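One structure is given here, and the rest of the page talks about it.
Taken together, the values in this text are just the output of simple stated rules run on the coordinates, not laboratory data. Not measured: the values here are computed from a predicted model. Using ideal geometry, Cβ is built from the backbone for each residue, glycine included, and neighbour counts are taken over all protein chains shown.
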Amino acid sequence: MSVAQALDAAPQVKNKLPYRRYRCLFNHEFMLFCDTGISRKIIEAYIEKFKDTDVDAVMCCPLAHRTNLFPSKVDPGWKTYDTITDQAWMKHFKNALKYIYDGGDPVAETLAVCRRLDKGFFISYRMNDLHSVEFKNFPTHNAFWREHPEYWLADTDIHADCSRDDVRLFNWMIPEVREHYFAVIEELATSYDVDGIELDFMRCWRLFRDNETEAGVPVLTAFVQRIRAMLDRLGKARGKYLQLCVRVLSTPERGRKFGIDVGAWDRQGLIDMVNVSNCLVNSTEVGIESYKEIAPQCRIYGEMNSITRQISVPGGSKYRYVQTAHYRATALNYLTRADGISFFNTDWVSFPQREALLPVFKGIATVPFLQRQSKAYGIYSVLEWCQVASTLPAKDTAHLTLITGEDTGKNTFERAVLRLETDEQCTGMNIEVRLNGTLLNECEHHDTELFPIPDQGYAALYPGREVLKFYSVPLTLIRFGKNEVILNNSSRGKGSLTFAEIQLALYAPKE
């Protein structure tokens, strides 16, 4: 156990009540049961994989989009399972509700495994879920949403992407909306022995109409105050301090534009943990440092997501998944900057990919371990609506900052390779790449990927050599902390190029 982990594991005291500091959070979403099926065995298996791993807190999201998947009295939609006839969208949704109707309790069963494995247990609750609001009859819309269109921001068949206020998301200026969310969260915190609550503002962050956002700032702060008071009351009765975490946008400035004032919440002592999210694409280009500045009383976490890029295919989109080497690099990046790390959407991958990722959780929050492992740092193209300030894509020139946790003077690697992907064909074109001021030499690489893809069923989503270039990287050039990468298309007379992503791989000696 490292010094940092020993400090995290040591009992802490706040308001004269004990609590635990967590290093590695994992978001566990009950929507999975609508995809994989549900049983006591399945519920336990999702958590048991964390035995003897660095994951020390489970952020349990008890929702299938807007439907609560626990025996709620406030929102008893589970009692109407037999009215669901449309199984086309989610094969097991009706079965998940019936499981509760027949006496099952996924929250209690998940909590029991967490206690057995000595993992912290938080309820992570989505403040305004955006999924499928363009379809009025989508099966996961709960009765509160269906029966109160007057509480929506608007009544249109427009897909909600958080950027607009003319969609069927709840309007948080309406007191009844806030009262409903408070009642469900209070029910969860009261009914189960939680270690804390996470308010998830990332699914989604649209809460107010644009012309009411400024007036909504104190309204949302008052809601957080009410949650804090409720947790203090319950914590005092239970003899432990209940922590409040918020999952928020990539920078404080972006959040504040939507009424989310993390700085004020920290100054008032309302929150304890800030989970900085990159939304959908795994990107470390988030404002960890800005959050540390405005929320000095809080522990700051960097979120790791499950995809590196969205690829358009006939009929929709598919994703390239984050691999073991990417997770290790992302974790080490964050652990040089933040107090901890978090996982999101990690189980929403194919079964072969999920199995391949099992070793990731061991050592993922342990810096000396990570420094010795092969890994791949990356900067990727990020969808604009994800609210991450990505430096890619870029046309013909790009100035990038890649943060590493490497000390190549102490940790031995066999070699390092930089991989550049462009949107247009780059074969025969000269692209200059400089790392910390030094021009890199182009080299050959045996494969198109830096590390093997676990699930070959997704191989078609990865690029061919016509849009790739590889460069040899002297290990002595890699710095601990910030590394400057400059890309320049010196053959632009032959055509313009869009730089889509870079990856820097370090290869540890084979055992």
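General remarks:
- Charges were assigned to the Cβ only: +1 to each Lys and Arg, -1 to each Asp and Glu. The resulting dipole of the chain about its Cα centre is roughly 1120 debye.
- Mean Cα-pair separation over length for the chain, i.e. relative contact order, pairs under 8 Å, 6 or more apart, %: 12 percent
- Flagged links, alpha-carbon separation over 18 Å, of Lys49/Lys94; Lys51/Lys362; Lys49/Lys362: Lys49/Lys94
- Amide H to amide H distances under 5 Å link Arg247 with Leu199, Asp200, Phe201, Asn275, where only residues 5 or more positions off or on other chains count and H is placed in the peptide plane.
- Sum of side-chain charges, Ser283 neighbourhood, beta-carbon under 11 Å (Lys, Arg +1; Asp, Glu -1): -2
- The range 384-507 - Kirkwood radius from inverse mean 1/r over Cα pairs (Å): 15.5 Å
- Extension gain, Lys79 to Val367: 0.36 nm times the residue separation minus the Cα-Cα distance gives 98.9 nm.
- Applied to the range 125-139, the Karplus parametrisation 6.51 cos²θ - 1.76 cosθ + 1.60 on θ = phi - 60° returns per-residue 3J(HN,Hα) values of 10, 7, 6, 6, 4, 9, 5, 6, 5, 6, 10, 4, 9, 4, x Hz, with x for Gly and Pro.
- Trypsin sites (Lys or Arg not before Pro) restricted to DSSP loop in the range 205-252 with at most 11 other C-beta within 10 Å: none
- Computed lengthening from Leu383 to Glu442, 0.36 nm per intervening residue step minus Cα-Cα distance: 18.3 nm
- When you filter the trypsin sites (Lys or Arg not before Pro) in the range 432-511 for DSSP loop state and at most 15 other Cβ atoms inside 10 Å of their Cβ, you are left with Lys510.
- Tyr19 long-range amide H proximity, modeled H, under 5 Å: Gln12, Val13, Lys14, Tyr241
- The share of Cα pairs per 10 Å bin across the range 200-282, counted from zero up to the longest distance, runs 17, 48, 27, 8, 0 percent.
- Under-5 Å amide H pairs with Ile311, H placed in peptide plane, nonlocal only: Lys318, Tyr319, Arg320
- Compared with the dominant principal axis of the Cα atoms in the chain, helix 175-191 is inclined by about 90°.
- If you wrap the tightest convex hull around every Cα atom of the range 249-330 and split its volume per residue, you get 106 Å³.
- To the nearest ten degrees, helix 213-238 and the longest principal axis of the Cα atoms of the chain are 70 degrees apart.
- Each residue of the range 455-463 is assigned a 3J(HN,Hα), and the resulting list reads 10, 5, x, 9, 4, 5, 7, 9, x Hz, derived from the Karplus form 6.51 cos²θ - 1.76 cosθ + 1.60 (θ = phi - 60°), x at Gly and Pro.
- Residue-by-residue Karplus 3J(HN,Hα) for the range 93-103, coefficients 6.51, -1.76, 1.60, Hz, glycine and proline x: 4, 4, 5, 5, 5, 5, 4, 6, 4, 7, x
- The calculated pair-distance distribution of the range 23-271 uses every alpha carbon pair, bins of 5 angstrom beginning at 0, and gives 1, 6, 13, 17, 19, 17, 14, 8, 3, 0 percent.
- The range 384-507 - charge dipole about Cα centre, Lys and Arg +1 at Cβ, Asp and Glu -1, debye rounded to 20: 400 debye
- Nearest 10 degrees, 0 to 90: helix 106-116 Cα axis against the chain principal axis: 60 degrees
- Whichever lysines have a C-alpha closer than 21 Å to that of Lys98, once near sequence neighbours (fewer than 8 apart) are set aside: Lys41, Lys73, Lys79
- Cα-Cα over 20 Å, subset of Lys395/Lys469; Lys375/Lys482; Lys136/Lys257: Lys136/Lys257
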